[in-house]
Amino acid sequence: MSNTIIDKKAVKEIGAEFFKLRREKSLFIYQVAKKTAMPEKIIEGIELGRYIKYGKIRRLAKFYDKKIYITLE
């Protein structure tokens, strides 16, 4: 049983947004990893929509000076 409550489409959208933010700032994954103290593989997994944990996306959002809002539908 998975403890993820976010559907696959949302995970991909979140990942694409983080990828876009990183590209807009002309950063490489290794630079984000160093500044967030997160492994490169985790950041890559998030950006590719393969991995999502609230604590990790919150840390990335904070790094990019963004907020996370959750909508129930």
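FYI, it's all coordinate maths here, none of it is from the lab. The structure displayed is predicted, hence computed values, not measured ones. No Cβ is skipped: glycine too gets one built from the backbone with ideal geometry, and neighbour counts run over all protein chains shown.
In percent, how large is the relative contact order of the chain, given Cα pairs closer than 8 Å and 6 or more residues apart?
Value for the chain: 34 percent.
Quick one: the Cα spread of segment 32-73 along its three principal axes, in angstroms, biggest first?
In descending order, the Cα extents are 35, 22, 13 Å.
Determine ³J(HN,Hα), in whole Hz, for all residues of segment 65-73 in sequence, where each value follows from phi through the Karplus function 6.51 cos²θ - 1.76 cosθ + 1.60 and θ = phi - 60°; x replaces Gly and Pro.
With coefficients 6.51, -1.76 and 1.60, one gets 6, 10, 10, 10, 10, 10, 10, 8, 10 Hz.
Starting from the amide H of Tyr51, placed 1.01 Å from N in the peptide plane, find each other amide H under 5 Å away whose residue is 5 or more places distant or on another chain.
Answer set, sorted by chain and number: Ile46.
Can you list the HN-Hα couplings for segment 6-14, worked out from phi with the Karplus curve (6.51, -1.76, 1.60; θ = phi - 60°), rounded to whole Hz and with x for Gly and Pro?
Residue by residue, segment 6-14 yields 9, 6, 4, 4, 5, 4, 5, 5, 4 Hz.
Take peptides 15-27, 43-55 and line them up by average Cβ neighbours within 10 Å, highest first, as a rough protection proxy.
Averaged packing, sorted descending, gives the order 43-55, 15-27.
Working out 0.36 nm times the residue gap between Lys12 and Lys34, then minus their Cα-Cα distance, what length gain in nm do you get to one decimal?
5.6 nm
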